[in-house]
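Student: Okay, handing you the structure first.
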Amino acid sequence: MVKRSESIALALGLGLFGLASYVQAAGDANAAKGLVADNCGKCHETPYSKPGERSEAVEAPSFQAMANDSASYSPEKMRATLLQPHFPMQQFILSKRDIDNIIAYLASLKRN
């Protein structure tokens with residue numbers, strides 16, 4: 001028969017393993033910088049946007065606005081949006097790692 005303390009230890013161990021897996025799965029904000037600079041500035045204002053680069057015909061939020069509006073741009077919502085690109089977003093394929101990196105990059109821009 002399994003003792004209660006052993007059950008608790010097992011549950012804590014599994015929980016820590018799951019947390020470690022989640023942390024590993026979290027993206028690398030630095031790895032997203034090139035992707036953001038090369039692909040996102042045509043519609044979204046980014047820290048890398050050059051004057052006049054962004055299309056005025058597209059109403060896309062800036063990266064800073066998305067970072068500061070975690071209710072509208074939660075990691076889950078961003079992941080869903082990036083997995084199913086929308087018009088007029090370019091139809092490029094992003095890997096899961098790219099998506100995680102972009103989400104981490106947005107989180108790094110958040111102002112408290």
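Read-outs: derived from the displayed coordinates by stated rules, not from any lab. Note that the structure is a prediction, hence the values are computed from the model and not measured. Reconstructed Cβ throughout: ideal geometry from the backbone, glycine too, with neighbour counts over all protein chains shown.
Student: Add +1 for every Lys or Arg and -1 for every Asp or Glu among the other residues with Cβ under 13 Å from the Cβ of residue 53, and state the total.
Tutor: Working: positive: 42, 50, 54; negative: 38, 45, 56.
Local charge sum for residue 53: 0.
Student: Here's a follow-up. For 73, 105, 48, what ranking results if the residue with the fewest other Cβ atoms within 10 Å of its Cβ goes first?
Tutor: With the sparsest Cβ surroundings first, the list reads 48, 73, 105.
Student: Given the options 32, 61, 47, identify the residue whose Cα lies farthest towards the positive end of the charge dipole of the range 28-109 (+1 on Cβ of Lys, Arg; -1 on Cβ of Asp, Glu).
Tutor: Toward the positive end, the furthest listed residue is 32.
Student: Report the trypsin sites (Lys or Arg not before Pro) located in the range 48-112 that are in a DSSP loop and have at most 11 other Cβ atoms inside 10 Å of their Cβ, or state none.
Tutor: Numbers: sites: 54, 77, 79, 96, 97, 110, 111; in loops: 54, 110, 111.
The qualifying sites are 111.
Student: Going by how many other Cβ atoms sit within 10 Å of their own, how do 87, 63 line up, fewest first?
Tutor: Placing the least packed residue first, the sequence is 87, 63.
Student: Further question on the same structure: Mind pulling up the Rg/Rh value for the range 28-109? Radius of gyration and Kirkwood radius, both on Cα.
Tutor: Across the range 28-109, the Cα-based Rg/Rh ratio is 0.92.
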